[in-house]
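Chemist: Before we start, here is the structure in question, set down as structure tokens.
The values are calculated or read from the model by the stated rules, or taken from the named source; none is laboratory data. Quick caveat: nothing in here was measured; it's all calculated off a predicted structure. FYI the Cβ positions are ideal-geometry reconstructions off the backbone, even for glycines, and counts take in every protein chain you see.
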2 protein chains.
Amino acid sequence: MADQRLPSRQENFAEWYNQIVLRAELADYAPVRGCMVVRPYGWALWENIQSALDRRFKATGHVNAAFPLFIPMSFLEREKAHVEGFSPELAVVTVGGGEELQEPLVVRPTSETIIGHMYAKWIKSYRDLPVLINLWNSVVRWELRTKLFLRTTEFYWQEGHTAHATAEEAEAETRQMLDIYADFAIKEAAVPVVRGRKSESERFAGAQRSYTIEAMMGDKRALQAGTSHNLGDNFARAFEIRYLDQENSLQYCCTTSWGLSTRFVGAIIMVHGDDKGLILPPRLAPHQIVIVPIFRNETERVEVEQALKGIEAQMSEFRCRVDWREGLTPGYKFNDWEMRGVPLRIEVGPKDVADNTVALSRRDEPGRSGKQIVSQEGLAKAVGDLLDEIQESLYQRALAFQEANTHDPKDYDAFKEVVKDGWAHSWWCGEGECEAAIKEDTKATVRCIPLEQPGGKGQCIRCAKSAEERAMFGRAY
Amino acid sequence: MADQRLPSRQENFAEWYNQIVLRAELADYAPVRGCMVVRPYGWALWENIQSALDRRFKATGHVNAAFPLFIPMSFLEREKAHVEGFSPELAVVTVGGGEELQEPLVVRPTSETIIGHMYAKWIKSYRDLPVLINLWNSVVRWELRTKLFLRTTEFYWQEGHTAHATAEEAEAETRQMLDIYADFAIKEAAVPVVRGRKSESERFAGAQRSYTIEAMMGDKRALQAGTSHNLGDNFARAFEIRYLDQENSLQYCCTTSWGLSTRFVGAIIMVHGDDKGLILPPRLAPHQIVIVPIFRNETERVEVEQALKGIEAQMSEFRCRVDWREGLTPGYKFNDWEMRGVPLRIEVGPKDVADNTVALSRRDEPGRSGKQIVSQEGLAKAVGDLLDEIQESLYQRALAFQEANTHDPKDYDAFKEVVKDGWAHSWWCGEGECEAAIKEDTKATVRCIPLEQPGGKGQCIRCAKSAEERAMFGRAY
């Protein structure tokens, strides 16, 4: 595969993306329309994402559990906005064990309803609260136009579902999880994000308030990379999730839900990748380092192999792979691992053996400094520092890109121009009608109303009505 | 819950099991017939099982991936034995995105067929082999009579799927994975198992040879606790999984599959539990240690809390929980954690604070030695040693039980007696007719033909024909 030219991001970003996913063997199209197979390299990346998130969830008191794949159709119907939102996307099981089912079962599109049913059974008293449960699973929402990781019928995610005694606690939880997503995106994935509130039209079906982290992709479109919803008492009322408070009176709980999915893999690809292929952030990369041995004959091969023993031992704290594949030239291997986005390459040849050195090449700025020749002594420290530097440099580059392409247009004409190829950070009246008109005019939508506001007041960028908040506008995935 | 009496294992083993699962909050019945909710305590146990297995899979070169939940019905029909085996148990999606589907989709009962389809696409040359992929997911096989963890419509498991160049390699892989399951069961779960081959009638649908680990439960019935299948070239031929060998000629691959599921949680409960509830092996227990603070007033509470800081710091390498729940007596907490099977309890009261000691109580032999008073100095070492001792003692007790209840009956009349309440290890002719007659007479089945054979020959325990192998017979879950 590596010998066919990858389309450049400039000429065709969408095709560049599709080709990278397939060539780097992150995922493949499944024989069922809309579905994907996540291949081992892509799944290893997702496992690292899972582990970075799971650590944060557990540190804030959450526990994991598993709820059934199948949900009775009648459950969805109990929350009006929820069923309206999800009905068109459902996969429905009508036959089980050879017989027509009396009540069709929905393959979960999300688990609020069945969670609601069980929480109503489990929660009796204020002593049982809060309930802080997370699920790692897959969900199904019917799609006809597949885009690997970004839009598939089945996708993998985590869904957190919590129940609280008060509205204040539920709001605090919703915000805490948004902050955890932002912290994960920035520190682990080197993906800068804008934290904000969703407009009414983009709220989760059944939520009172939805928050999001939005990231700018390499083509300047926005990707919703994680969401956190304050469900108020909507689901508690629909499913009778109630508790006896300290005065022995019956109260409805307030609940939240929050999710981050394999879409995030798409974000990592589109934020960091370049025309040579993937660039993976060191903290999440399945292989942080690849070692390519260089030799021209058996004597050299044996020498290099011997030297590699000590080098590999130093690399034990990193995710390091040695590429001993036969029948491939070093040049082919360099290209292959560059395409797969391995952050750091170590070459070891006969000269390195003689000099007690190795050659290091960074994936992120290969043009800048070329290879660095460093001593084998203290290599672990040098490599660790370099990986940290790569992680930080990827973040700074992405942040600079996002900032350079976020505009403050002076009027609606300028607004229409800038959102063709970037984001606009503009005063907005907050009205749905205005939002719809902007979308109609420009294809850009309110990505979020950022939590960080400049203060003061302004005039809506389109309708000039008084506006209390600025919104972030952009075209979205 | 803890104040209601648990039925004893003697009076009603099945009800004892059901009550423990519910009261220890391992799992609950879902609103969909046949389905279960795995609650956080049960899921934490499963996560520890996953991690112990995943470590072993990765150490032997396997990688994880994810394949779709939905499989076209036509895929199952390509392997004749496979579709016959699974057809009666399928859940079928007939509606997607609001429309009737042209081809119904099966919710995976197992993934050999869709794996076969993709492997045929990915594997081209001997250089691509072996392919060693494992999936952690859930599968669906329709059930009407639910038994939590043991028999549910949806259950959680791992399924490994490998492809090899030769039949020998496939057989070696199949046996390697069986050995990994046995090693896991013995070392991590303290569950003794018999490794063996399945008889023809109990082979996986589509396999050439199936291996199993069988464990004896507390009621002396057998539980199939993990299986490993050599699929030969059955699926390779059905899905055209072929490779070019070194002489450039096209060959069929040989494939394997192997799985271990949340059934294993049931095994742990039934092997180790007693009339007070669960007993969890320390290596898998969600909480290895529970600390119960004892105090009668606020002054004592503050003293104990202060002392606990140092003790908790020493426990950092263990999964340790401090039970500060309010409004519950220490006695209630003791019973509660005993019922939940926490291996070791530490009590700390004012006298312990004064003496710089703690009181340790083992869950596994609470009657033997009562509490042990030990110094707070070097507590981590003492606790670590004790957990190892508990782990070993649980295994030895279970092994002694299995051996004491495995018999070598002299004739068929004696056989019929012993399999009412134990296993029979007897010569068997290997014929399906004879196997069926034994089942008809006794409800016992061939659990496996153990890999360890005494050598020599004998006469079949039922039909007296010449027999080359001994089989293990018992009633099974």
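Chemist: Given the condition over 30 Å from A:SER125 (Cα atoms) and of a type in the set (A, V, I, L, M), answer yes or no: does some residue in segment A:152-174 qualify? Spell out how you get there, then give the answer.
Modeler: Going residue by residue through segment A:152-174, those that are over 30 Å from A:SER125 (Cα atoms) are A:152-157.
Pick out the ones that are also of a type in the set (A, V, I, L, M) and you get none.
The answer is no; no qualifying residue exists.
Chemist: Take B:PRO68 and tell me if it is in contact (Cβ under 8 Å) with a residue 12 or more places away in the chain, within 22 Å of B:LEU231 (Cα to Cα) and either outside the structural domain of B:GLU240 (by TED's automatic domain parsing) or not in a helix (DSSP H, G or I) (or both).
Modeler: In short, yes.
Chemist: May I pose another question? Could you pull out the residue among B:LEU132, B:LEU105, B:LEU148, B:LEU76 that is at pLDDT below 95 and not acidic (Asp, Glu)?
Modeler: Just one listed residue meets the conditions, B:LEU76.
Chemist: Would you check which residues across segment B:71-105 are within 29 Å of A:LEU26 (Cβ to Cβ), within 10 Å of chain A (Cβ to nearest Cβ), assigned to a helix (DSSP H, G or I) and not small (Gly, Ala, Ser) and list them?
Modeler: Within segment B:71-105, B:PHE75 is the sole residue that qualifies.
Chemist: Quick check on my filter: what residues within segment B:451-462 are touching a Phe, Trp or Tyr at 6+ places or on another chain (Cβ under 9 Å) and closer than 24 Å to B:GLU433 by Cβ?
Modeler: Listed by number, the residues that qualify are B:LYS457, B:GLY458, B:GLN459, B:CYS460, B:ILE461, B:ARG462.
Chemist: Taking A:LEU260 as the residue in question, decide whether it is closer than 13 Å to A:ARG340 by Cα, touching a helix residue (DSSP H, G or I) at 6+ places or on another chain (Cβ under 9 Å) and buried (at least 23 other Cβ atoms within 10 Å of the Cβ).
Modeler: Working: closer than 13 Å to A:ARG340 by Cα: no; touching a helix residue (DSSP H, G or I) at 6+ places or on another chain (Cβ under 9 Å): yes; buried (at least 23 other Cβ atoms within 10 Å of the Cβ): yes.
Answer is no for this residue.
Chemist: Next question. Tell me, which strands (runs of 3 or more DSSP E) wholly within segment B:153-237 include 1 or more residues that are out of contact with any Phe, Trp or Tyr (no Cβ under 8 Å at 6 or more places or on another chain) and on the phi > 0 side of the Ramachandran plot?
Modeler: Details: elements: B:154-164, B:194-197, B:209-216, B:222-232.
Ranges flagged: B:222-232.
Chemist: What are the residues in segment B:329-356 that are in contact with a helix residue (DSSP H, G or I) (Cβ under 8 Å, 6 or more places away or on another chain) and not acidic (Asp, Glu), if any?
Modeler: Listed by number, the residues that qualify are B:MET339, B:ARG340, B:GLY341, B:PRO343, B:LEU344, B:ARG345, B:ILE346, B:VAL348, B:GLY349, B:PRO350, B:VAL353.
Chemist: Then there is this: Restricting segment A:115-142 to residues that are within 30 Å of A:ASN248 (Cβ to Cβ) and within 7 Å of chain B (Cβ to nearest Cβ), which is surrounded by the fewest Cβ atoms within 10 Å (Cβ to Cβ)?
Modeler: A:HIS117
Chemist: Here is a follow-up. Return the only residue of B:GLU25, B:GLU15, B:GLU11 being part of a loop (DSSP other than H, G, I, E, B), more than 7 Å from chain A (Cβ to nearest Cβ) and free of Cβ contacts under 8 Å to residues at least 12 places away in the same chain.
Modeler: B:GLU11
Chemist: Need the failing condition index for A:CYS463 against (1) part of a helix (DSSP H, G or I); (2) touching a residue at least 12 places away in the same chain (Cβ under 8 Å), just the number.
Modeler: (1)
Chemist: Could you check, for segment B:169-179, whether at least one of its residues is in the same structural domain as B:GLY85 (by TED's automatic domain parsing), over 27 Å from the mean Cα position of the chain (by Cα) and within 23 Å of B:ILE241 (Cβ to Cβ)?
Modeler: No, segment B:169-179 contains no residue that is in the same structural domain as B:GLY85 (by TED's automatic domain parsing), over 27 Å from the mean Cα position of the chain (by Cα) and within 23 Å of B:ILE241 (Cβ to Cβ).
Chemist: Next up: In the same structural domain as B:GLN208 (by TED's automatic domain parsing), modelled with pLDDT under 95 and on the phi > 0 side of the Ramachandran plot: does that describe B:GLY34?
Modeler: yes
Chemist: When you look at B:THR255, is it within 16 Å of B:VAL131 (Cα to Cα), part of a strand (DSSP E or B) and in contact with a strand residue (DSSP E or B) (Cβ under 9 Å, 6 or more places away or on another chain), yes or no?
Modeler: Spelling it out, B:THR255 is indeed within 16 Å of B:VAL131 (Cα to Cα), part of a strand (DSSP E or B) and in contact with a strand residue (DSSP E or B) (Cβ under 9 Å, 6 or more places away or on another chain).
Chemist: Return the residues of segment A:1-31 that are in contact with a Phe, Trp or Tyr (Cβ under 6 Å, 6 or more places away or on another chain) and either at positive phi or surrounded by 20 or more Cβ atoms within 10 Å (Cβ to Cβ) (or both); say none if nothing qualifies.
Modeler: Hits for segment A:1-31 are A:GLU25, A:LEU26.
Chemist: Then there is this: So, of the residues in segment A:147-171 that are over 26 Å from A:ASP233 (Cβ atoms) and surrounded by fewer than 18 Cβ atoms within 10 Å (Cβ to Cβ), which turns out to be nearest to the other protein chains (Cβ to nearest Cβ)?
Modeler: A:ARG151
Chemist: Answer yes or no: is there a residue in segment B:403-415 that is of a type in the set (A, V, I, L, M) and crowded, with 21+ Cβ neighbours inside 10 Å.
Modeler: No, segment B:403-415 has no match at all.
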